[in-house]
Amino acid sequence: MEAIHISDITPPQVIKKIKGIIFDCDGVLINSFEANKWYYNWFKNRFDLEPLTADEEKYVHAHTVFESLRHVIPEEHHDEAMELRALPELKKASEFIQVEEGLIRLLEWGRTNNLRMGINTNRTDTLPAVLQKFGIEDFFAPTVTATLLPNSKPHPEGVHYILNKWSMKAEDVVYIGDTWVDESCAERAGVEFWAYRSPLLNARLHIDDYWVLTNLLEKAKNDVWSDCSCS
């Protein structure tokens, strides 16, 4: 199926009738790239290492904190690095996080239209604080973190868990992500993938603006879904 980069003139027929959206967190709900850089460079500085390379910046954006620390810190410091995660000063990283523009409007639209919304992220115990920071925690249920289930992304277990909680099939939902990890997770789960500001990913829809997506969903609801015979 051909990929579509949505805009104000995109016909609403490109959006199938959906009952739920599964979101990644970092890079999708929030812009945390600078926060991640600050966080992992703190560890680099602690162990007298050079700052993150461009490739390392991309890696830590997509992987769990455990995988990321093992990737950017030498093995002899792994245990100490894991213990240092508990230091209160590392909470400063949250100051660099911003909510994605237009997201709140999309979430409000979803709630108004009885769309289920959940999160499948490789974040760990920091997810609740991030959601609470922007007052969006009540929009999502369930929220799947890297430590909730035996397998984290790109394994599809998190998606299967959400579908089971919602009593839905894979074709009932879409997955919005921004990395190859999300793309692979959605593909392995059999869920349609929409890429957010990541034009190189293999996705059904490419989204650059949540305002545009919300308007397109509203048009689809009124002009397409209302005439759809599917349940």
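Taken together, the values in this text are just the output of simple stated rules run on the coordinates, not laboratory data. No experiment lies behind these values; they were computed from the predicted model shown. Here the Cβ positions follow ideal geometry from the backbone for every residue, glycine too, while neighbour counts run over all protein chains shown.
I'd like the trypsin sites (Lys or Arg not before Pro) in the range 107-202 restricted to DSSP loop residues with at most 16 other Cβ atoms within 10 Å, sorted by number. Spell out each step's value before the answer.
Values: sites: R111, R116, R123, K133, K165, K169, R188, R197; in loops: R123, K169, R197.
Filter output for the range 107-202: K169, R197.
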Item checked: Given K16/K58; K17/K37; K165/K221; K58/K219; K44/K133, the pairs whose alpha carbons are separated by over 30 Å -> K16/K58; K17/K37; K58/K219
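Can you give the helix-only mean residue ellipticity at 222 nm for the chain, where every DSSP H stretch with n ≥ 4 adds -39500 (n - 2.57) and the sum goes over all residues, rounded to the nearest 500 deg cm²/dmol?
Values: 9 runs with 89 residues, N = 231.
Per the formula, -11500 deg cm²/dmol.
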Item checked: Positive-end residue, the chain charge dipole about Cα centroid, Cβ charges, pick of Y40, W109, H77 -> W109
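Quick one: length gained pulling E218 to E171 fully straight, 0.36 nm per residue minus the C-alpha distance?
Working it through step by step, the gained length comes to 15.0 nm.
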Next item on the list: With the convex hull built on the Cα atoms of the range 93-231, state its orientation-averaged projected area in nm².
Entry: 8.7 nm²
Note to self: Could you tell me the calculated FRET efficiency between T53 and I104, based on Cβ-Cβ distance and R0 = 41 angstrom, to the nearest 0.05?
What the structure shows: 0.75
Check: Stretched out fully, how many nm does the piece from I9 to D79 gain, at 0.36 nm a residue minus the Cα gap?
Finding: 19.9 nm
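Let's see if you can work this out: charge +1 on each Lys and Arg Cβ, -1 on each Asp and Glu Cβ, no other charges. What is the dipole magnitude of the range 1-114 about its Cα centre, in debye to the nearest 20? Don't skip to the answer; put the middle values down first.
On the way: 13 positive and 21 negative charges, 155 e Å.
Here the size comes out at about 740 debye.
Using unit Cβ charges (K, R positive; D, E negative) and no other charged atoms, how large, in debye to the nearest 20, is the dipole of the chain about its Cα centre? Before the final figure, lay out each step's value.
Numbers: 24 positive and 37 negative charges, 166 e Å.
Value, rounded to 20: 800 debye.
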Item checked: Relative contact order of the chain, defined on C-alpha pairs under 8 angstrom at six or more residues apart (%) -> 30 percent
Check: If each of D208 and R70 carries a label point 7 Å out from its Cα toward its Cβ, how far apart are those two points in nm?
Finding: 3.8 nm
Item checked: Cα centroid separation - the range 104-167 against the range 44-64, whole Å -> 26 Å
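Given DSSP loops and a limit of at most 13 other Cβ atoms within 10 Å, what is the longest stretch of the chain that contains no such GluC sites (Glu not before Pro)? Before the final figure, lay out the partial values.
Details: sites that count: E2, E101.
Here the longest run is 102-231.
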Next item on the list: Only Lys, Arg, Asp and Glu count, each charged at its Cβ (+1, +1, -1, -1), so figure out the dipole size of the range 33-96 about its Cα centre, rounded to 20 debye.
Entry: 280 debye
